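**Q** Can you keep this structure in mind? I'll have questions shortly.
The values are calculated or read from the model by the stated rules, or taken from the named source; none is laboratory data. Since the structure is predicted, the reported quantities are computational estimates derived from the model, not experimental observations. Here the Cβ is made from the backbone with ideal geometry for all residues, glycine too, and neighbour counts use every protein chain on show. Heads up: the accessible areas ignore ligands, DNA and RNA and are worked out on the full protein's heavy atoms, side chains in. Shrake-Rupley method; radii C 1.70, N 1.55, O 1.52, S 1.80 Å.
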Amino acid sequence: LRRIVVDAPVVLGFAFVCCAVFFVNVVAPGTNVFVACPPFRMASPLNPLTYLRLLTHTVGHTGYDHLKGNMVNLLLVGPASEKEFGSMNLLKIMFYVAVSSAVAHMALGPANGYQLGASGVVFALILLNSLLSAHSGVVPLTFLLTAGLWVLRVQPGPAWSVVAETRL
């Protein structure tokens, strides 16, 4: 071990901000509400925080397991995507995913549910990572399987059922 290098500054910076927000919420419980994206009926177009929360919801997490799950996947697939597509392009993708998932949540989500977490960003990076080996005119099967498994989940029970989740 000679030295430690920052190989993915956007991914590492995002992970650091997520962890910092989590620890602030541990010290001062309830502060997640300041970064969470509210449902449409609770959002005010006159409140500047409404627009900020279109982005900040990605850095808040509901608990340690939620944070850990997102960070493990982020740190697993993020650096390869950042290396391939570049830091600025990755930042743009994260921005677009955050805003579009927040708008989708506000329009289609539960009337009293707040959105928190980096799952949308992580999913985008997983898809980008699965496309790294794609060539012109070719769609990797791993990409299709990843997208399908992320969007649909199988519920074990008396009759196995597939439940669609809103993960945009």
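**Q** Please tell me the relative contact order of the chain in percent, rounded to the nearest whole number, where contacts are Cα pairs under 8 Å and at least six residues apart.
**A** Dividing the mean separation by the residue count of the chain yields 25 percent.
**Q** Follow-up. With +1 on each Lys and Arg Cβ and -1 on each Asp and Glu Cβ, and nothing else charged, work out how big the dipole of the chain is about its Cα centre, in Debye to the nearest 20.
**A** With only Lys, Arg, Asp and Glu charged at Cβ, the dipole is about 120 debye.
**Q** For the chain, list the DSSP H helices whose alpha carbon atoms reach 20 Å or more along the long axis and whose average Kyte-Doolittle value is 0.0 or above?
**A** Once both thresholds are applied, what remains is 9-27, 87-108.
**Q** Kindly provide the helix-only [θ] at 222 nm of the chain, computed as the sum of -39,500 (n - 2.57) over DSSP H runs of four or more divided by all residues, to the nearest 500 deg cm²/dmol?
**A** Helices in the chain give a 222 nm mean residue ellipticity of -18500 deg cm²/dmol.
**Q** Whole percent per 10 Å bin, from 0 to the bin with the longest distance: what is P(r) over all C-alpha pairs of the range 80-143?
**A** So the P(r) values, bin by bin, are 20, 41, 28, 11, 1.
**Q** Can you find, among Met71, Pro110, Leu127, the residue farthest towards the positive end of the dipole of the chain? Put +1 on the C-beta of Lys and Arg, -1 on that of Asp and Glu.
**A** Of the candidates, Met71 comes out farthest on the positive side.
**Q** R0 = 45 Å: FRET efficiency of Thr142 with Asp65, Cβ-based, nearest 0.05?
**A** The formula returns an efficiency of 0.95 here.
**Q** Return the distance in nm (one decimal) between the two label points of a simple spin-label model at Val6 and Val103, each offset 7 Å from Cα along Cα→Cβ.
**A** The answer from the label model is 3.1 nm.
**Q** Okay, moving on. Given a 1.4 Å probe and heavy atoms of the protein chains only, how would you sort Leu128, Leu90, Leu52, largest accessible area at the top?
**A** Leu52, Leu128, Leu90
**Q** Which one is right for this structure if P(r) over Cα pairs in 5 Å bins from 0, in percent is calculated from it: (1) 1, 8, 15, 18, 19, 16, 11, 7, 3, 1, 0, 0; (2) 2, 10, 19, 24, 23, 14, 6, 2, 1, 0; (3) 1, 7, 11, 13, 15, 16, 13, 8, 6, 4, 3, 2, 1, 0?
**A** Structure-derived value, by its label: (1).
**Q** Here's something else I'd like to know. Search the structure for amide H atoms under 5 Å from the amide H of Gln115, placed 1.01 Å from N in the peptide plane, and list their residues when 5 or more places away or on another chain.
**A** Cys37
**Q** Okay, next question. Carbon and sulfur: what percent of the range 1-44's accessible surface (1.4 Å probe)?
**A** Roughly 71 percent of what the probe reaches on the range 1-44 is carbon or sulfur.
**Q** Additional query: For the range 7-106, what's the relative contact order in percent, using C-alpha pairs closer than 8 Å and at least 6 residues apart?
**A** 41
**Q** Largest first, what is the accessible-area ranking of Arg41, Arg2, Arg53 with a 1.4 Å probe?
**A** The ordering from most to least exposed comes out as Arg2, Arg41, Arg53.
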